[in-house]
Amino acid sequence: MDQVPSPSKPSKVDTSALLSARLARIKVFFETLSPALLDQIGDVYAHEACFKDPFQAVEGVDAIRGVFEHMFTIQPASRFTVLGITHNSPETLADAQCCLRWTYSLELAGKAACIEGCSWIRLDEHGYIRDHRDYWDAAEELYEKLPVLSWLMGWLRRKIAPG
């Protein structure tokens, strides 16, 4: 008598392959992000996704799109470079947590500048970003590069630092 294989839940190998594919898509999205490609935001973000950075916290894919639209309004030539991605070994995509290390190239006071940071990302069961939180030092990476604020930040550091 022939045995009919019973369906089994996806293995870690399957989840790992799915996660790798989703992270590759997310990397390409951020590295090619431009005003013309903002319509593709739903390809990586869940409809109800949350986004937070040192300046704002928003919910929903339309609000997240608004964050990137504003970014390009004030920094038209800005771009991200993903330097690396680390992640856990989840049983399912909904358990996936990832950290993207990146640089953000922009122009400050007429000069090229670069901000280094990372994004902590959690995916939903379909591999879309449901939570995105950016971590970067606004004082060191931004304020100290602006003429008037750089003096103030240097003064503050001297007052706070021991010795």
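Values quoted throughout were computed directly from the atomic coordinates according to the rules given, and no laboratory measurement underlies them. Source: prediction; values computed, not measured. Glycine also receives a Cβ, built like all others from the backbone with ideal geometry; neighbour counts cover every protein chain displayed.
General observations
- Projected label distance in nm at D39 and R101, using a 7 Å step from Cα toward the beta-carbon: 3.6 nm
- Extension gain (nm, one decimal) between E125 and R79, 0.36 nm per residue minus Cα-Cα: 13.7 nm
- Farthest towards the positive end of the charge dipole of region 12-135, among the residues W102, A46, I129, is the Cα of W102, using unit charges on the Cβ of Lys, Arg, Asp and Glu.
- Cα pair count fraction exceeding 15 Å, expressed as % - region 82-123: 52 percent
- As a proxy for reagent exposure, ranking C99, C118 by other Cβ atoms within 10 Å from fewest up yields C99, C118.
- Proximity of backbone amide H atoms, modeled 1.01 Å from N, is registered between S34 and no other residue at under 5 Å, excluding neighbours fewer than 5 places apart on the same chain.
- 3J(HN,Hα) along region 19-34: 5, 4, 5, 5, 5, 5, 5, 5, 4, 4, 4, 5, 6, 10, 4, 8 Hz, from the Karplus curve 6.51 cos²θ - 1.76 cosθ + 1.60 with θ = phi - 60°, whole Hz, x for Gly and Pro.
- Long-range amide H partners of D53 with built H, under 5 Å: D134
- Length released on extending from H47 to M71, taking residue separation times 0.36 nm less the Cα-Cα span: 6.6 nm
- The Rg/Rh ratio for region 12-135 is 0.97, where Rg is the radius of gyration of the alpha carbons and Rh is the Kirkwood radius.
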